[in-house]
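What follows is a short report on a single structure.
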Amino acid sequence: MTSSGNHVAIIGAGPYGLAAAAHLRAANIETTIFGRALEFWKNHMPAGMLLRSYWDASHISDPEGRLTLDRYHAVQGAERATPLSRDTFINYGTWFQRQVAPDLDEQQVVRIERDGRGFRLLLEDGEAFHSRRVVIATGIASFADRPSSFDHIPPVLASHSADHCDFKAFAGKELIVLGAGQSAIESAALLNEAGSHVELVVRAQNIRWLHRRDTMRSGPFRKLLFPSTDVGPPGLNQIAARPDWFKRIPRQLQPRFAYRCIRPAGAAWLKPRVAGIRITAGHSVVSAEPAGERLSVRLDDGSNRRVDHVLLATGYRVNILRYTFLAPELARSIRCNEGYPELSAGFECSIPGLHFLGAPAAWTFGPLMRFVSGTAYAAQELVRCVLENIATDFHSRRPQWLVTARS
């Protein structure tokens, strides 16, 4: 399998990969996309989960704005239901994929390396694919963050929330859930509803709850206070919605700004679902040791727990060196900052022709890149960059006599 010219290969078929494919193909740029549609959502998020993001912040971007959640529901003849469920979003994303990339190649890319003026992609069946540009949009599955105190604990006793798409196997078991964000709180609720005995351990002094102000979101202050991207509190959300504004913030202040926009919190509609769950706030786990078929856990107040399992809903830490498909010499050539690639316009890293979309772009473009609502900005900027490079390449390849004649 080969390709040439200005071809673009996309690795990943989640929201960012699909949005990139939609925009690139609409611009008549030859594009091949690899991956399984919404794979992370299907295999690494629990059944029964509800999205914290608002409806208007959950559309995957296409250039004409035709393939929205509203359009999907109209086609299906279904009523709009909020909060949006995981299953509904997966079905929507799969429908979106069929519209923009019916030729999706579900093979996994096992290795990417530089090849002349472009890249060589090795597929899982051993076939090689050549492309001028590569867009990496593989999501966050590789970045699950596990506390070091659990490094020596076998998966049967401690696992990350990303390791599960169903909690039924934990029915009747005693669990500790670690974390203070939406994933931890909702996982505790789902486990409790599945028949588990759950304790939620939160390092913060209390849980932050995000309350929906629907009257303000639908009134005259909606556009002023709540952009449709739905990232960050009023005021900061206007900056988060505009990555070009975010980049103007002094670099030393950007991490603080980003954390304030995405600090751990839970949607207020989860409150009644965790009302009967034991919540231990202001404490953290200092050690964990296997005790027969169970796990002995000690907290920083000296108290001990003996449980069947600990669920680590401890989030994700981006580090592109954990992408096993990047050839070592390629990975070493990418300028990074704390695991994030340093990106220029068009989401291009220090290696020309190699782009990163989604969470790895958050260091450069801000917290919006961690959410589905960031697909519009990312896809549009990617296309602009690719088209500019095509124009530049075309000009540089023209015969000198033609350039002189038109000068």
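The values are calculated or read from the model by the stated rules, or taken from the named source; none is laboratory data. From a predicted model like this one, the values you see are computed outputs, not experimental measurements. Heads up, the Cβs are rebuilt from the backbone with ideal geometry, glycines too, and the neighbour counts pull from every protein chain shown.
The rows are residues; the columns are (1) modelled with pLDDT under 95; (2) over 26 Å from S183 (Cα atoms).
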| residue | (1), (2) |
| --- | --- |
| N91 | no, no |
| D103 | no, yes |
| R117 | yes, yes |
| L121 | no, yes |
| H160 | no, no |
| D163 | no, no |
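Please go through region 351-407 and give me each residue that is modelled with pLDDT of 95 or more, part of a helix (DSSP H, G or I) and among the small types (G, A, S), ordered by number.
Result: A359, A361, A362, S373, G374, A376, A378, A379.
Can you tell me which residues in region 15-38 are in a loop (DSSP other than H, G, I, E, B) and hydrophobic (A, V, I, L, M, F, W, C)?
Passing the criteria: A27, I29, A37, L38.
Where residues in region 1-32 are at pLDDT below 95 and of a type in the set (G, A, S), which of them is surrounded by the most Cβ atoms within 10 Å (Cβ to Cβ)?
Result: S3.
Select from region 33-49 the residues that are out of contact with any Cys (no Cβ under 8 Å at 6 or more places or on another chain) and either within 12 Å of G93 (Cβ to Cβ) or crowded, with 20+ Cβ neighbours inside 10 Å (or both) and list them in ascending order. Outline the logic, then answer.
To start, the set of residues in region 33-49 that are out of contact with any Cys (no Cβ under 8 Å at 6 or more places or on another chain) comprises 33-41, 48-49.
Listed by number, the residues that qualify are I33, F34, G35, R36, A37, L38, E39, F40, W41, M49.
Quick check: anything in region 316-332 surrounded by 17 or more Cβ atoms within 10 Å (Cβ to Cβ), under 18 Å from the mean Cα position of the chain (by Cα), on the phi > 0 side of the Ramachandran plot and not charged (D, E, K, R)?
Checked against the condition, which is being surrounded by 17 or more Cβ atoms within 10 Å (Cβ to Cβ), under 18 Å from the mean Cα position of the chain (by Cα), on the phi > 0 side of the Ramachandran plot and not charged (D, E, K, R), region 316-332 yields no hits at all.
Among the residues of region 252-278, write down those that are out of contact with any helix residue (DSSP H, G or I) (no Cβ under 8 Å at 6 or more places or on another chain) and among the hydrophobic types (A, V, I, L, M, F, W, C).
Within region 252-278, L253, A268, W269, A275 meet the criteria.
Tally the residues that are touching a Gly at 6+ places or on another chain (Cβ under 9 Å), part of a helix (DSSP H, G or I) and among the β-branched types (V, I, T), restricting the search to region 39-86.
The number of residues fulfilling the criteria is 0.
Is there a residue being aliphatic (A, V, I, L, M) and surrounded by fewer than 15 Cβ atoms within 10 Å (Cβ to Cβ) anywhere in region 291-300? Spell out the reasoning first.
Looking only at region 291-300, we keep the residues that are aliphatic (A, V, I, L, M), and these are 291, 295, 297, 299.
Then keep just the ones that are surrounded by fewer than 15 Cβ atoms within 10 Å (Cβ to Cβ); that gives 291.
The answer is yes, given that some residue of region 291-300 is aliphatic (A, V, I, L, M) and surrounded by fewer than 15 Cβ atoms within 10 Å (Cβ to Cβ).
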